[in-house]
Structure formats: structure tokens, C-alpha cells
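Data block below; observations after.
Since every read-out is calculated from the coordinates, none of them should be taken as a lab result. Being a predicted model, the structure only gives us computed values, none of them experimental. Positions of Cβ are generated from backbone atoms using ideal geometry, with glycine treated the same way; all protein chains shown enter the neighbour counts.
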Amino acid sequence: MHPEALSEQIYSKKSFLCVGLDPDPEKLPICLKSQDPAEGIIAFNQHIIEATLPYAVAYKPNFAFYESLGSIGYSVLEETLKCIPPNVMVIADAKRGDIGNTSAMYAKAVFDRPGVDAITVAPYMGKDSVMPFLSFKNKWVFLLALTSNPGAQDFQFLTSNEKPLHEWVIQKSLEWSKEGEGHLGFVAGATHPEDIPRLRTLAPKSFFLVPGIGAQGGEMEPVIRHLAPRVLINVGRQILYASSGADYAEAAEKEARNIWEGFKLYYNW
């Protein structure tokens, strides 16, 4: 997907919403638990996608929720992806990253087979672990920079030459992206509102994938104020599990619409 196509979705829907498709079998609505587990998840995902599509510009299936199902998980993922229109971005939340030849196989597995548009990648092993993903033309890499979890404090704020590690990640990886054919973006948690202005300064033209709003308590206003319009705000549990009853799709639609209404408060279209 070309950046212009993503921007077109953002402006046409006036939305930054990315819906996380992280189906936990234990949290499925009661009406779906009586079905075969795979069929129940596929039905759940399909109804969530249909309900949220007017507001969503991207979907982000977290691969762990599918891989944990064993051999049927890949089929569940493939059936889920068929429900997403081709002009809507699909981000594989897989957080891959390994030595070069292994990363090349990870990239091939994600970009060639299910055919997603983007993948999240861990930068810890450096350039040779990231470049195989960036070698795919018009595919996207969202590099983990400043994550939304509490453990982000363990390493991502360690300083070198008075600059925290997550800033070095952004600065250095932007140099790598010039050698690839794909597009580089960054994952930055909404749970760090005081750091967001600096991130945009470091990467003025990059898209940011922002988790942490909703169940993790992140703030929407600073994210939109500093990162829009080149931002995707991921919301998962808040939408997926808005209801545990038969009205789960209607509840998801209402939650997505409320988030969409919130965007209008902070961004002047």
C-alpha cells in the first residue's frame, strides 16, 4: 500500500482508527462459544470488521492470538483477512526480528502468503534484521520505538549521549529506510504523552502506529495534536469486548463511532 492510498482512507473516512483483531477464545460472546472454536472466532472477527469498517482505516491482527490456536490458527487468520477490503491497511502485529536470513523468511511468510500490508518489527538486533522487511516494495514496517507497556521503562529510556534509546532507534532506522523499497513507520505508545512531541520532531514525515488508548489508559488529545494526520490509533479490547452478549457487533460499532467522534474534537478536517 502506497502512503497516498493510506492517506486517502484517512481523509475520506476522517478517521485514524486501527482496530486490533486480537480474539481471545475465553472472551468471545457467549453466543459464539458453543460453536467450533475456529468458526466462532471467524464469525466474531467478520462481524467486528463489518461493524467497524465505516470508521476504520486499518486492522491489526495480533499473530499470537492465531498462532496459539495451533494448526487451525493460520486458516482462521486467512479467513479473517478475506473480510477486509483491499483498500484498507492490514498490519501484522507479529513483532518479528532476527538475523538477516531468518528475517527474510519471516518477511516472506507475512508479505507473500497472507499478503498483509505491514508488519511490526523489533529493532534490537539492528539493521540486518530489519532490512529484509524493508526490501519489499510498498510494504510497511512499523518499528517498535516507544511501546505502551510498563516495561518500556526498562530499556527504551536508557540514555546514550543524553539521548534515550528510543530516539536513537528512530534516528538510525530512518537512515536504513533510504536503502529499502518499503515504508518505515514507528510504534509509539499513547501512554507516553510527554514524549510524543519529540517523536514527531525526529520523524516529521513518518506514520506512527499508536497503541495504548482505551484499556491501557492513554490520552488521545496529544497523539492527534502532534502526530496527525500521519497516525494510526490502535484500539483493541475496548471495541472487541464492548459487550459479551449477542449485541457484541452493535456494541463494537457504537464504541468505534464514539472513538471516531473523539477524533473530530481534536483534529480540524
**Item:** 12 Å beta-carbon shell around GLN46, net charge (K/R +1, D/E -1)
**Value:** -2
**Prompt:** Between LYS127 and ASP112, what is the spin-label point distance in nm, taking each point 7 Å from the Cα along the Cα→C-beta axis?
**Reply:** 2.5 nm
**Asked** What angle do you read, to the nearest 10 degrees and between 0 and 90, between the alpha-carbon axis of helix 37-52 and the longest principal axis of the chain?
**Response** 70 degrees
**Asked** Which entries in the list LYS178/LYS264; LYS27/LYS172; LYS60/LYS178; LYS13/LYS82; LYS33/LYS108; LYS13/LYS139 go over 30 Å, if you measure between the two C-alpha atoms of each?
**Response** LYS178/LYS264; LYS27/LYS172; LYS33/LYS108
**Fill in**
Rounded to the nearest 500, the 222 nm mean residue ellipticity computed for the chain from DSSP H runs (n ≥ 4, each -39500 (n - 2.57)) alone is -13000 deg cm²/dmol
**Item:** Simple Cβ-charge dipole of the range 3-263, Lys/Arg +1 and Asp/Glu -1, about Cα centre, in debye nearest 20
**Value:** 620 debye
**Fill in**
Per its Cα gyration tensor (rounded if a/c is under 1.5, else prolate when a/b beats b/c, else oblate), the range 1-40 is best filed as prolate
**Request:** Give the relative contact order (percent, whole number) for the chain; include only Cα pairs under 8 Å separated by 6+ residues.
**Result:** 21 percent
**Message:** Check which residues have an amide H placed less than 5 Å from GLY20's amide H, if you skip close sequence neighbours.
**Reply:** LYS60, VAL235, GLY236
**Request:** Provide the percentage of antiparallel DSSP beta bridges, counting only those with both residues in the range 3-263; round to the nearest 5.
**Result:** 5 percent
**Complete:** One checks the Cα atoms of the range 116-269 and finds Rg and Dmax, in Å, of 16.5, 55
**Item:** Using a Förster distance of 30 Å, the FRET efficiency for GLN46-GLU4 (Cβ separation, nearest 0.05)
**Value:** 0.55
